[in-house]
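The values are calculated or read from the model by the stated rules, or taken from the named source; none is laboratory data. As the structure is a computational prediction, the values presented were derived from the model and not from experiment. Please note that ligands, DNA and RNA were not included when accessible areas were found on the heavy atoms of the full protein model with its side chains. Shrake-Rupley method; radii C 1.70, N 1.55, O 1.52, S 1.80 Å.
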Amino acid sequence: MTCPAALRPTTVAGDVPPGAARLASTMAAPARAPAAKPGMHRRRLLAGAGVLAAATLLPGCAGPQVSDYAAEQPVLDLRRYFDGRVMAHGIFTDRSGKVVRRFVVTMDCCWQGDVGTLDETFVYSDGKRDKRIWRLVRHEDGRYTGTAADVVGTAEGQVAGNAFRWRYTLALPVDGRVINVQFDDWMFLVDERVMLNRAVMSKFGVRLGEVLLSFTKAP
């Protein structure tokens, strides 16, 4: 599908919520150490050695990389999948796993060469509506970048096999304020029509919740 004239997105700036700022300042403040007691020095040395040993194991516990799925089928081509009408059904969950919101998205997508426009209309379970228009750019190395009006800066993603990892910062309105929240999206193509999406939301590295989505491409 050929795109109409591309829309130029704007950048929305966000604030740091007072609670998060207090948490950050508390974590940054050094604790005052108590006076050492006999035998504590040796225990501290042993504890430090244990922490160092654990740290050497951290690289082996790193999360998955998109390259891990390079051999998976079917191969995901974003330009082919996000072309025409795509429907999505999703839920928001909080940190405890409780579902706090449900929504349906109607996406009208088109590409002009390596530049794509994804026009998304959201309808939430509480009756509210929202809209986002993504402008995506495909690069030769399988990398994608994107912008939207409520995305801070530029989103970055990479495709490999049937997987797409998409990371960005979203300016979310919360109680009359705008808070910048980081999203780490993983999308997996199941077949030519269905793709699943799991996104983790975080702030200052603290996990806030998840978004789960099922995309269905129109025949």
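A probe of 1.4 angstrom, applied to the heavy atoms of all protein chains, finds Arg198 with accessible area near 120 square angstrom.
The mean accessible area for residues of the range 65-219, using a 1.4 Å probe and ignoring ligands and nucleic acids, is 52 Å² per residue. Sorting Glu210, Glu72, Glu192, Glu156 on solvent-accessible area from highest to lowest, probe radius 1.4 Å, gives Glu192, Glu156, Glu72, Glu210.
Leu76 contributes about 10 Å² of solvent-accessible surface, heavy atoms of the protein only, 1.4 Å probe.
Shape of the range 138-185 from the C-alpha gyration tensor: prolate (a/c of 1.5 or more and a/b above b/c, with a ≥ b ≥ c the square roots of its eigenvalues). Size of the range 62-125 from its Cα atoms: along the principal axes, largest to smallest, the extents are 39, 35, 18 Å. Specify whether the C-alpha gyration tensor of the range 89-219 places it in the rounded, prolate or oblate class, a ≥ b ≥ c being the square roots of the eigenvalues: rounded for a/c under 1.5, otherwise prolate if a/b is larger than b/c and oblate if not. The shape class here is rounded.
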